[in-house]
Every structure is written in C-alpha cells, then in structure tokens.
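Inspection log for the structure reproduced underneath, given as structure tokens.
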Ligand code: NDP
Ligand code: MG
C-alpha cells in the first residue's frame, strides 16, 4: 500500500532528500502536501514535479502568486499554512523537517489527527519533548526518528528489552572546528563554520555542529524519544561519522548501526519502517577502504555548548525551551555576522542563568518562554 506523506520544510536539506526518497520509491510513497519557507524557486520546482493537494509558503504575497499559477493546488501561508500541511490532509505520515521550534504546534496538531510523525525537527523535541511524547501516547501515534544518531539507536534497540539497556552512546563528528582549541575559535568566520567535514546540511545545524550544541540537542532528543536518564547517555567523539550511535546492554554487549554518512538512509528507514526498502544506486559502506575508525573522549570544556545543553536537560522544565530559543536566536545573529562565534555560547549561558525554571510547563508557557527568550537575547546585544 502507498504511504501518503506530508512534508514540512520541503525546500531544506532534509526536505529535498526526503523528496529524493519519495522519487526513488513511487509505488511505496506519495507526496500529498508540503510546506516551504521563502524559497519560491524550489517550491515551484517541487510543484511541477509532484501532484500535491496542499502547499504552504511563508509569505502571503508568494502564496497569492502560486495560487494563480497552480489553480488545482490549495495554497496557504504562514503558521496557519504549517497546520494545514501537517494536520489537515489525509496523510499517513508527517515528515517534520522544518527548522526550529516553529515545528512544535503543527506536530502536536498532526498527532491529534493520528498521523505518524517522522521527526527531523529536533528543536521541537528539545523545546517541549514532554508535550509531544505525552500527546503521542494519548493518541497512540508513533514518533519515528530521522536524526541519524536516533535512527541508529532506534535500530539497535529493535527487538531488545528496554530494561536490559545500560547506556546509549551517541557519536559526534566534532564539526568544522574539531581540530581547533577554544582559543583558536576567536575570530572564526561564518564561512569557516559552514564548512562541515562529513555532512552537507542546512546552515543552522552546521553551526550547531561546530559549537557542539547539535550534540547537546541530540542528547536531550534521545532522553525524550527513548525515556533514558541523562546518567545513561554518553557522547563519544568519532570523526569519521561511520558509526551513527550505539547501545550498550547489561551483559556488556554493544550494538552499533553503521553506514556511509547519508541522511537519505535514516529518512527512508523512518518512512519504510518496519520494513527496509532497497537503494540500488546508493553508496555502500566499505570498511576496508576506510581502514581506520577513531574515537576520543568528549571534552566538555572545549565544547561548552554541550555542557550547557546537558545542564538544561537535567534541569528540565522550561530550561530546555530557553536553551533552544537562545541558541536559535544566537545562531541567527552569528549567521547575520552580528556576533562572534564564541558569543553564541555566552548568550545561551546568560539566558539560562537569568531564567527562573518552571516545571511541567504547558504549551502556552512553552510558547511564552520561547518568545521571551528570543527577545532577551536580542536585548543582550544592546
Ligand atoms: P534547512 O535550513 O536546510 O531547511 C529548513 C526548512 O524549513 C526549509 O524548507 C525552510 O524554508 C523551512 N523554514 C525555515 N524557517 C521556517 C519558518 N519560520 N516557517 C516555515 N518554514 C521555515 O534545514 P535542515 O534541512 O538542515 O534541517 C531541518 C531540521 O532537521 C532541523 O531541525 C535540523 O536540526 C534537523 N536535522 C537536519 C539534518 C541535516 O542533515 N540537514 C540532520 C539531522 C537533523 P525555505 O528554505 O524555503 O525558506
Ligand atoms: Mg544528528
């Protein structure tokens, strides 16, 4: 049976690779709706390639123009548009590949409609993971990881007993600056930071990888998805990005998932689960060619953002909302060349320091704290 897919963030790095997978398997997958942001050239390309029912873009004027040019498609815009794409179609699966905590409410809406969630949008799980998992439980909706580390953990857990797991080991490539000391990070440019050694990704996550915040967000994401205590989640530096993560069991056995660094593998697995589909043209892993794999202990002083994220995760409540919102705001400022690279960590730390934590926050509280934190970060610049 064909799976009907709606896709948030179709014009992004994960979005485009999701479309590749849909194209590779026309009998298994069908795109029914998608959202884009401001990239209208790519939006038009997708609209001419796929027959969809619903599309949404960021701006009203773009929506109006698209509606005139594609009369058979229902065109929406703004946040309302994200809801339409996420929850008001008869999709079986929502692939959430939008960037940032803007993905939270559409995800909750889709869960309420009983739509399976394939989630790449980690900011949603960091800002309000408890709300997402609670809603998923209530509505009996699977939340399938797309992030490569979490897909690896999910695969390694397959058929195992949760109670027999002793720890999750999340691997980290180290990002674009892994061979520099903290001192050597002063004055690095946006261009330097965007040059990731192993993965080609969107700008924000590439910066998150350079600060190591990405791994911090992923530790929180793993805690949320697998309900694992922070004491039982370890981060291991592994520069080749071949082992995507591992699980250690009580009997000391370790199960790892390996593969070439290609996000289309975890994207496809989230869509084909519980099955695996062929990828005849994809590059296969050749360990003999790679020869050596390297592992190092994580240095939490060097990667201060990782420490901040774990602290926020352990604090719980609204602290992870603050961490995420401050990081989104700070990374945007760095990309606009308004702050230096090391100031990203500083702004996040200050936002966390002044925040009075609220435990078990509801949606309204989360949205309020998210907005206030972004404002606070802007004000810190003055
Ligand atoms: P990109 O920046 O490449 O793409 C983001 C997508 O979201 C684009 O379609 C963009 O639209 C859209 N978008 C951005 N802001 C808004 C907004 N305010 N409203 C509506 N749409 C918006 O990001 P990535 O694909 O790299 O990442 C997407 C998510 O997946 C992130 O949460 C990231 O952490 C996660 N992820 C990414 C991986 C990767 O390899 N890239 C790996 C693992 C996780 P447009 O471009 O048209 O403006
Ligand atoms: Mg990842």
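The values are calculated or read from the model by the stated rules, or taken from the named source; none is laboratory data. Just so you know, these numbers come straight off a predicted model, no measurement behind them. Don't worry about glycine lacking a Cβ; one is built from the backbone with ideal geometry, like all the others, and counts go over all protein chains shown.
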Could you give every pair whose Cβ atoms fall below 8 Å, whose first residue belongs to segment 341-359 and is at pLDDT below 95, and whose second residue is surrounded by 16 or more Cβ atoms within 10 Å (Cβ to Cβ) and not in a helix (DSSP H, G or I), counting only separations of at least 6 or pairs across chains?
none
Take the conditions within 30 Å of residue 140 (Cβ to Cβ) and buried (at least 18 other Cβ atoms within 10 Å of the Cβ) and apply them to residue 46. Does it pass?
no
Residue count, segment 10-41, condition touching a residue at least 12 places away in the same chain (Cβ under 8 Å) and within 16 Å of ligand 1 (Cβ to nearest atom), comes to 22
Considering only segment 165-173, I want to know if a residue exists there that is over 22 Å from residue 102 (Cα atoms), at pLDDT below 95, touching a strand residue (DSSP E or B) at 6+ places or on another chain (Cβ under 7 Å) and not in a helix (DSSP H, G or I).
no
For residues in segment 49-59 being under 20 Å from residue 87 (Cα atoms) and more than 13 Å from ligand 1 (Cβ to nearest atom), which is surrounded by the fewest Cβ atoms within 10 Å (Cβ to Cβ)?
51
Surrounded by 23 or more Cβ atoms within 10 Å (Cβ to Cβ) and within 14 Å of ligand 1 (Cβ to nearest atom): is that true of residue 271 in this structure?
no
Only one of 183, 138, 160 that is closer than 25 Å to residue 297 by Cα and either surrounded by fewer than 16 Cβ atoms within 10 Å (Cβ to Cβ) or within 16 Å of ligand 1 (Cβ to nearest atom) (or both):
183
Could you go through segment 279-288 and let me know if any residue there is over 30 Å from residue 22 (Cα atoms) and either out of contact with any helix residue (DSSP H, G or I) (no Cβ under 9 Å at 6 or more places or on another chain) or modelled with pLDDT of 95 or more (or both).
yes
Can you pull out the strands (runs of 3 or more DSSP E) entirely within segment 84-156 that have at least 1 residues that are more than 21 Å from residue 323 (Cα to Cα) and free of Cβ contacts under 8 Å to residues at least 40 places away in the same chain?
116-119
Against the definition (buried (at least 21 other Cβ atoms within 10 Å of the Cβ) and either on the phi > 0 side of the Ramachandran plot or more than 16 Å from ligand 1 (Cβ to nearest atom) (or both)), how does residue 115 come out, yes or no?
yes
Which strands (runs of 3 or more DSSP E) sit wholly inside segment 1-68 and have at least 3 residues that are within 24 Å of residue 276 (Cα to Cα)?
3-8, 29-35
Selection status of residue 70, over 15 Å from the mean Cα position of the chain (by Cα), free of Cβ contacts under 8 Å to residues at least 24 places away in the same chain, away from ligand 2 (no atom under 16 Å from the Cβ) and surrounded by 18 or more Cβ atoms within 10 Å (Cβ to Cβ):
no
So residue 109, is it farther than 21 Å from residue 314 by Cα and surrounded by fewer than 17 Cβ atoms within 10 Å (Cβ to Cβ)
no
